[in-house]
Amino acid sequence: MSSSPRRLAATTGVVLLTATAAAWPSAAVAAPDSSASMLAPYYTELDVTGDLAVDTADLEVLAASLGATASDPAWGDIAHADVDDDGVITVADLAAVSQRMIYDDGPFELVEASVVDMQAAMNAGVTTSVEITQEYLDRIAAYDTTLVDTSGTGRPLRSIITTSDVALAAAAQADAVRADQGMTSMMLGVPVAVKDNYNTVDMPTTAGCACWENNQTATDATMVEGLRDAGAVILAKASLDEFAYGFVSEFSTGEPAGSSVRVASPYNTARSAGGSSGGTGAAISANLAGIGFGTDTGGSIRVPSSYNQLVGVRPTVGLASRDGIVPLALSQDTGGPMTRTVLDSAVALDAVVGIDPADPVTERQAGLVPESYTSYLDEDALEGARIGYVASMLGTNATTRRLFDESVATLEAAGATVVEVTPPSGFASVLSEGSGSTAEFKHDLNEYIAHFLAPEVSLRTLTDIIASGRFVTSRSGVYVSRDNVTEETYQAWAGPEGSHTLQLAYGKELVTQMMDDLDLDALVYPSGNPYGTQSTNLRLSPNTGMPSVTVPMGQAIEADATITGAGVNLEWLGRDFDEGPLLGLAYAFETLTQARTSPALYGPLG
């Protein structure tokens, strides 16, 4: 049986036992709904009522079965709840089973709280979504624009562009749902920050550009709709590199014409938070929201996840709809979660997947999406796994090589087989294929403008934006070159028979066949180096359309002579729509390493 190190601590007063009965304390809210789709084995394997959840009904069954032994007729129905394997159901078994409930009436600390921590505390009535939401808003107000790092080189985070003025009302509604129906979703009442290129009906969508500060869209992005449907609280819009262009997260929204600002890493505010989803990365790492979402074309989820010691998921292109997201290059764009734990990413992903007629590529996922990605979160997932790596993707950075070698040792100790892969001819061309951000941007942006841009926005073409000067002016040459791309150039690149289109299809076929030939469950490689990238590693996922999950593997130490304290992530690549198995492997790795650290500068508010 699993024994997750992230399991809830034994709750105080959860079970009051006599020899024949159990009493459940009166809760401030209704009991959790067993349909809430937390299917991680840790939370389901001791269920005795058949609803794939441990709740009060299970405790009542076991309380009535105290003293039962293997000779009893009903033993087969409850034997798996004999946690200590002594052949009898005892008070110790009942207490152990109670720990598998998403319920914790002990003290609640917001900093580093997971989705399970939040739900457990809200289910027990210890806190509410309104209180959690208010505390995140307080942290944003206290930390985001304040110079916390007074070392002389420090900068404010600047991770948030705007907060929602209806977030507390949404939280109150989530609390009302919980009181009436129980925990209807693992996202119920959880505050979320989305990158400011996701449309939201209650906050403008600026894409980080001062040119679009009044872009209040009439609809949510499809992924935001999914989050709201799951009961999440859309708390804030996170900063980003303007129009999701690069890896430094420099934006002009809210700044005077000709001015811009960059997002700082909460671990070392003199350093970049990465990009283009750097605001999401800094905000989630500094505990300014519960869950974050970014977008990734060529690394924009995975770079800030690595810089900020987060889990980042770049899903298969076609798993989550891009409709209502300001595009960079739709051949490779995809949105995904950025979180402090793998479990949080799995829960968040559940809320946003689905077929959307407005984004036809999502039709590819039909029949390939599990009931819940949490069902793969088994700490024993590495046992028997076969994992490959390509030596040329490791680089020479001392921190990265040390952490990769330590990670391989961890994988092997957990029962995985790790093999060096000699890639086939053509693999180098997969890694060297460029991003579509130049050839596709104007075409795809014009589609967004036609369908979503608020009528109040006067700057409605790249030409208009360039002429206005209301953008990151150092990008002027980039925008001019993109504005000069013709439809013929676009079609030659990204059309049905375009060179990029054909190369991406080739890349998918080549890498999938390589994995099949070698019977690999995943490929692993460093997402980057301390506050930097590693060659063209980040191109592998977007240049094949295949999914990847990046997870912290540790930090630089002084002996490395790199950037002490900087994080580096291990990236896992799998076959199309293999997000579940990838998350399972990453969860098992995370369970063993617990590599993430919390930024010391941004602890609990006094």
task = Could you identify the single residue in Gly477, Gly469 that is open to solvent by less than 30 Å² (accessible area, probe 1.4 Å) and over 32 Å from the mean Cα position of the chain (by Cα)?
result = Gly469
inquiry  = Take the residues in the range 56-87 that are open to solvent by less than 20 Å² (accessible area, probe 1.4 Å) and assigned to a loop (DSSP other than H, G, I, E, B); name whichever of them is farthest from Leu585 (Cα to Cα).
reply    = Ala68
ask   = Looking at (1) surrounded by 19 or more Cβ atoms within 10 Å (Cβ to Cβ); (2) part of a helix (DSSP H, G or I), which is the only condition Gly436 fails?
value = (2)
request  = Please state which one of Thr146, Thr206 is assigned to a loop (DSSP other than H, G, I, E, B) and crowded, with 22+ Cβ neighbours inside 10 Å.
outcome  = Thr206
ask   = Of these, Thr127, Thr133, which one is closer than 30 Å to Val233 by Cβ, open to solvent by less than 30 Å² (accessible area, probe 1.4 Å), touching a Phe, Trp or Tyr at 6+ places or on another chain (Cβ under 8 Å) and of a type in the set (Ser, Thr, Tyr)?
value = Thr127
ask   = Is it the case that some residue within the range 323-331 is surrounded by fewer than 24 Cβ atoms within 10 Å (Cβ to Cβ) and not in a loop (DSSP other than H, G, I, E, B)?
value = no
ask   = For the range 581-604, does any single residue satisfy the condition of being touching an Asp or Glu at 6+ places or on another chain (Cβ under 8 Å), under 30 Å from Gly367 (Cβ atoms) and either assigned to a loop (DSSP other than H, G, I, E, B) or free of Cβ contacts under 8 Å to residues at least 60 places away in the same chain (or both)?
value = no
query = Say we look at the range 395-423 and pick out the residues that are open to solvent by 50 Å² or more (accessible area, probe 1.4 Å) and either touching a His at 6+ places or on another chain (Cβ under 6 Å) or not in a helix (DSSP H, G or I) (or both); which of these is farthest from Tyr531 (Cα to Cα)?
reply = Thr417
request  = Restrict the check to the range 542-563 and report whether at least one residue is closer than 26 Å to Leu330 by Cβ and open to solvent by 20 Å² or more (accessible area, probe 1.4 Å).
outcome  = no
task = State whether one or more residues within the range 277-298 are of a type in the set (Gly, Ala, Ser) and at positive phi.
result = no
ask   = On the given criteria, is Gly312 touching an Asp or Glu at 6+ places or on another chain (Cβ under 7 Å), crowded, with 24+ Cβ neighbours inside 10 Å and assigned to a strand (DSSP E or B)?
value = no
message = Out of the residues in the range 53-106 meeting the condition of being among the β-branched types (Val, Ile, Thr) and over 32 Å from the mean Cα position of the chain (by Cα), tell me which one is farthest from Met186 (Cα to Cα).
response = Thr69
query = Of the residues that make up the range 198-205, is at least one among the polar types (S, T, N, Q), at pLDDT 95 or above and more than 24 Å from the chain's Cα centre (by Cα)?
reply = no
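Taking into account only those residues within the range 149-177 that are acidic (Asp, Glu) and not in a helix (DSSP H, G or I), which is least open to solvent (accessible area, probe 1.4 Å)?
Within the range 149-177, the match that is least open to solvent (accessible area, probe 1.4 Å) is Asp149.
The values are calculated or read from the model by the stated rules, or taken from the named source; none is laboratory data. Here the structure is a predicted model, which is why all the values come from computation and not from measurement. Glycine also receives a Cβ, built like all others from the backbone with ideal geometry; neighbour counts cover every protein chain displayed. The protein model used for the area step is the full one, side chains on, heavy atoms only, and it has no ligands, DNA or RNA in it. Shrake-Rupley method; radii C 1.70, N 1.55, O 1.52, S 1.80 Å.
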